[in-house]
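Here the structure is laid out as structure tokens; the discussion comes afterwards.
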Amino acid sequence: MHDYLTHTRGLRSWLTTLDHKRIGLMYLFTVLAFFLLGGVFALLIRLELFGPGRTIMDAATYNKIFTYHGAIMVFMVIIPAIPAAIGNFILPMMLGAKDVAFPRLNLASYYIFIAGALVASSALFLRGADTGWTFYTPYSIRTNTTATLVLAGAFIMGFSSILTGLNFIISIHKLRAPGLSWSRLPLFLWALYATSIIQVLATPVLAITLLLLVFERLFRIGIFDPAIGGDPVLFQHFFWFYSHPAVYIMILPAMGVISEVIPVFSRKPIFGYKAIAYSSFGIALVAFIVWGHHMFVSGQSELANFVFSLLTMFVAVPTGVKVFSWVATMYRGRIRFNAPMLYAFGFLQLFTIGGLTGVFLATLAINVHVTDTYFVVAHFHYVMVGGAIMALMAGLHYWFPKFWGRMYPEGPARVSFALLLAGFNLTFFPQFILGSQGMPRRYWDYLPEYTMLNRVSTAGSWFLAAGFVYAAVYLWRAMRAGEPAPANPWEANTLEWQTASPPPHDNFATAPVVTDWPYEYRDPLVPASASRSLP
Amino acid sequence: METQKPAQESHGHHHILSTEVALGVGFALLLLTGLTVWIAGVDLGRLNFLVALLVASVKAALVALFFMNLLYDRRENGVIFGTSFLFLAIFLVLTATDLFFRGDVAVKGPLTAFAQSKTAQPKVARPWVATPLLLSQGKMLYSQQCVACHGPEGKGDGPAAGSLTPAPRDFTRAGGWKNGRKPSQVFKTLVEGIPGSAMAPYGTLPAEDRWALAHFVLSLGEAPEADTDEDLLKVGIDVKGGGQVVQEAPSIPLEVAMRRLTRPEPRAAKVGAKIEAESAGGRLYLARCASCHGEAGEGAIARVSGTLDAVRLRTAPLSASQAVGSPAIFESIVSNGLPGLMPGLASLNGTQLSELREHVRKLVAAQQ
Amino acid sequence: MTTTHHHAHHFASANDEFEAAKQGMWVFLVTEVLMFGGLFVAYGIFRGLYPDMFHEAHKFLAVNMGATNTLVLILSSITMVLAVTATQRGRRDRAVLFLVLTFLLAGCFLVVKYFEYAHKFHEGLLPGGYFVNQELKDPKAPLFFSLYFVMTGLHMVHVLVGMGLIAWLFRRTARGEFGPQYYTPVELVGFYWHFVDLVWIYLFPLLYLVG
């Protein structure tokens, strides 16, 4: 009996596949490779900051290193990670479908992603880029580096993101299995749906922004260039109109993963299903009206400062709804502490801190003091790494048996989780303190009084690295030789678990019909509902 | 090629636009194009823009509803398309809350005009004299601008003060004020900030506001010494000459700022022989000009009094200026100042001006 | 005779596939609205800040050429609609005719554009830092021409892509691949083409008719 991995063989069958599961895996490995690259740059940053003054590189190089770290992590890792890697694999299965709506477009998305990544990475071998991943004008217009290549690469990668979002929207609209009404849609799909809407609306504005900046560099159009009469802050409006919703592209799928993991490992129906589903849309909507909070000290008008600070406060509401619902789900559940659940706990701790510090930053009066300090750096790492990456780990472990038909080993998984949790807090918590004491970000040097906390942070980064490397090792081993997994090792109810692990090429032997919502765990001792049609 | 009837049963929304409707809509579009060109020639003032947009939107609606079939298609496709315009509107409106409301920068345009009316003429004739009105104005401003560092009672214990070195001034104490404790001196501190500390320059506040703050802040401690006429002269107020506040612009024109910012920073001129400041012009220079231009006029001093960030602008060496060669230009610049950049010394008479110019000429000659 | 089209296996029916493809095209057009929209936002901001400059600068654009291009594009939308309906009715010969007409009208648009741009280059009315025209003295005028070239240039790229798609349709129609049972690509390229027309419908008055 063939599964999707053995359905056809050979490199070419993978490179020309239209199977969403294979495309998802190709994305996964590509994204993880970039994560490694971006992580190396992160370690280099922390090494340089081990002590004041020059440690291993000069200031101009340092500017390039943090630019690469940011650009790679944002555009080549976190934005595609959960949607394109896990989402591509799981979404059609959760819908009870055989594939996404447009499989050829899906493969094209992948190759567009690769093309953009290659163009952007080629800058590494030339004069690089030193503008920071935010490319603020006018420096990004004038810099003598090969920033144009990075801009062009990011422009190209944007289309991959757009097409993935488009594919997911149409799939959710048109390919739901019989009986899969909106009120029975798994929360991971609600999350991906909201994410896809953001991708489709926001990413095109990034495209035009990067295009305009390339034209500034090549043709001196002057729209953002004060020397020719343009406005550099207008660039920031354009840039953040995408980049703020982009952070919700990063976190919404992560929240979707958590919404799946927590009820399964608490053996309890999710609390507040409708609230969580609607809050994804609430977040997606508010995402678009708050971007100016990145610009409080840019020179924008007082009116804009006031409006954006006020509006930003609203995003905490739907976010809070989710966190409270997750906690309420766990209350009086029968919790199993497998790795996915451990990572969910990690997510709750880290994302909560990150989210609350976001409220600090939304407060205009505080922001003007801590903006462009390490406080901001700590905040976004708590939500992006502590949030999205933790959820990625949760998802990778949760769906590991489905992808490979094998179980990962729990013992090493716990070790890795401990390393990551400790390492993360050690690396980034001191940065809140450093920031509130005034240490600026993107600085190659710092005052001697910041040395101790910087050293602690650098040491923490080594634990983080160890945790990720160790996870890669045992996951790789388990993928090839782990214990064979049953179809539904977690006794979950969503459709992907109602077929073999790994799934057949067409996902389901017979087309599934849905008769119940997926979070029924009334009797904790009885596994999946008998009304599913099993292969 | 025979005509086949399209099978309709299971095919849902396969509406075929009739040729009549297609041509009719097309004709309407051509007509509307002619209309919009014609109306553009008629002067309707501000309405022209709105009418043009309206006609374009009608045309766009015709194309979308008929040519793109939205009138006959499932409603969700129209909703999907319409949503994009909603988010575009959000982008435009919120960006406009910044770009059209920057009242503190001299950008001209109909929409910025009303935003700039806030930076109006001073309402108080002699703000350097404390009055209850100014004190209450100062109190309000203090609660907005200063409380974070200086604390609600002015003790230098505000929430942001904890991490600052040096610590913010405790206004209830009389000692340690860097520039002195007279109103004009506090006013000067507000204009320039205190380099080397977290006290920023507040030159973007109107002059009247700064006087109000100075009076309020002094009222928190024991009564200050009064300003003499010379003190007031130092901050640009000529009491004898009519007592008008020197009308310094609270901001500089954007073009000037842009040019200044994109210029490379001036370096200090190398100075040959030191010129002794024994003449009347020399003494005047030392008293009024040297603090910004340098004792030898070498420039590159990061203390430009006025409204600008002290770090960002430095004085150019005097030898770089055209003023020395022309008496008329010299007198004009020295008397009137350069708006937002250099204060003018309006009280100098002709003799003093030519003595000053003579000294400056010597300084320039000594520079390479 | 139309060659039979088999719908993809993950769709339940040919109709489902058609509806999905159509909605996919609408979602794609949403992204186009936002991308061009960014340029319109930049336009709106600069026009709001420098209305007099916009008024002065627009006088240097050739309104008659712009109006001609507007008429050309509207005509091409008409012929495109007629190509779609001809395919829906199974009239292959008419479909081919209208596709060819659409293509030629698009070509017309490009020719007029060529003359327009050539004239601008000749007068030194170039974007931003390259602006060298002596008549138009407003220091911000280069911004107007930056917006002009980027907006009409991006639009022109879309016209070129559209021509490529129409040529592709022409080939497939000539080979009998479309008919009443299957005309999805024709309809969707039609939507794209109408969208290109839509953008120009706004570009024309905003750039050429600044009253």
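Only one entry in C:G153, C:G124, C:G107, C:G129 is farther than 30 Å from A:P138 by Cβ and among the small types (G, A, S), namely C:G107. Just checking, how many residues over the stretch B:14-65 are assigned to a loop (DSSP other than H, G, I, E, B), farther than 28 Å from C:G48 by Cβ and of a type in the set (D, E, K, R)? The number of residues fulfilling the criteria is 0.
Has the stretch C:24-31 got at least one residue that is of a type in the set (S, T, N, Q) and farther than 29 Å from A:T203 by Cβ? No: zero hits. Taken over the stretch B:123-165, the criterion of being of a type in the set (A, V, I, L, M) and open to solvent by 70 Å² or more (accessible area, probe 1.4 Å) is satisfied by B:A125, B:L133, B:M140. In the set (1) surrounded by fewer than 22 Cβ atoms within 10 Å (Cβ to Cβ); (2) more than 29 Å from A:T131 (Cβ to Cβ); (3) of a type in the set (S, T, N, Q), the condition left unmet by A:N454 is number (2). The residues on offer are B:L345, B:L286, B:L353, and the sole one that is more than 25 Å from B:R267 (Cβ to Cβ), outside the structural domain of B:F187 (by TED's automatic domain parsing), modelled with pLDDT of 80 or more and not in a strand (DSSP E or B) is B:L353. Looking across the stretch A:431-461, the residues that are without any contact (Cβ under 8 Å) to a residue 40 or more places away in the chain and not aliphatic (A, V, I, L, M) come down to A:Q437, A:Y443, A:E449, A:G460. Of the residues A:V327, A:V323, A:V307, A:V317, which single one is in a helix (DSSP H, G or I), closer than 23 Å to A:F428 by Cα and of a type in the set (V, I, T)? Going through A:V327, A:V323, A:V307, A:V317 in turn, just one is in a helix (DSSP H, G or I), closer than 23 Å to A:F428 by Cα and of a type in the set (V, I, T): A:V323. Go through the residues of the stretch B:49-71 one by one and say whether even a single one is under 30 Å from A:V200 (Cβ atoms) and among the basic types (K, R). Yes, the stretch B:49-71 contains a residue that is under 30 Å from A:V200 (Cβ atoms) and among the basic types (K, R).
Scanning the stretch C:133-183 for residues being within 25 Å of C:E56 (Cβ to Cβ) and not hydrophobic (A, V, I, L, M, F, W, C) gives a total of 13. Going by the conditions given, is A:I114 within 17 Å of A:L32 (Cβ to Cβ), open to solvent by 20 Å² or more (accessible area, probe 1.4 Å) and either touching a strand residue (DSSP E or B) at 6+ places or on another chain (Cβ under 7 Å) or hydrophobic (A, V, I, L, M, F, W, C) (or both)? Spelling it out, A:I114 is indeed within 17 Å of A:L32 (Cβ to Cβ), open to solvent by 20 Å² or more (accessible area, probe 1.4 Å) and either touching a strand residue (DSSP E or B) at 6+ places or on another chain (Cβ under 7 Å) or hydrophobic (A, V, I, L, M, F, W, C) (or both). A single member of C:F121, C:F60 is at pLDDT below 95 and away from chain A (no Cβ under 14 Å), and it is C:F60. Checked against (1) farther than 17 Å from B:C149 by Cα; (2) modelled with pLDDT under 85, B:N179 passes all but condition (2).
Restricted to helices (runs of 4 or more DSSP H) entirely inside the stretch A:348-460, those with at least 3 residues that are more than 23 Å from the chain's Cα centre (by Cα) are A:364-370, A:410-436.
A:K98 satisfies every condition listed in (1) in a helix (DSSP H, G or I); (2) over 23 Å from the mean Cα position of the chain (by Cα) except (1). Pull up the stretch A:184-223, narrow it to residues that are under 18 Å from C:F36 (Cβ atoms) and part of a loop (DSSP other than H, G, I, E, B), then point me to the one that is farthest from the other protein chains (Cβ to nearest Cβ). Once the filter is applied, the top-ranked residue is A:I223.
All told, A:A378 falls short of being within 29 Å of A:G411 (Cα to Cα) and away from chain B (no Cβ under 14 Å). Being surrounded by fewer than 19 Cβ atoms within 10 Å (Cβ to Cβ) and free of Cβ contacts under 8 Å to residues at least 40 places away in the same chain is not true of A:L149. If you go through the stretch C:38-47 one residue at a time, do you hit one that is modelled with pLDDT under 95 and open to solvent by 30 Å² or more (accessible area, probe 1.4 Å)? Within the stretch C:38-47, one or more residues are modelled with pLDDT under 95 and open to solvent by 30 Å² or more (accessible area, probe 1.4 Å). Close contacts from the stretch C:67-93, counting a first residue that is more than 7 Å from chain B (Cβ to nearest Cβ) and touching a residue at least 24 places away in the same chain (Cβ under 8 Å) and a second that is open to solvent by 20 Å² or more (accessible area, probe 1.4 Å) and of a type in the set (F, W, Y), with Cβ to Cβ under 6 Å and a gap of 6+ residues or different chains, come to C:T79/C:F98; C:A83/C:F98.
The values are calculated or read from the model by the stated rules, or taken from the named source; none is laboratory data. In this text the structure is predicted, and so the values were computed from the model without any measurement. Neighbour counts run over all protein chains shown; Cβ positions are idealised from the backbone, glycine included. Just the protein is used for accessible areas: all its heavy atoms, side chains included, with ligands, DNA and RNA removed. Shrake-Rupley method; radii C 1.70, N 1.55, O 1.52, S 1.80 Å.
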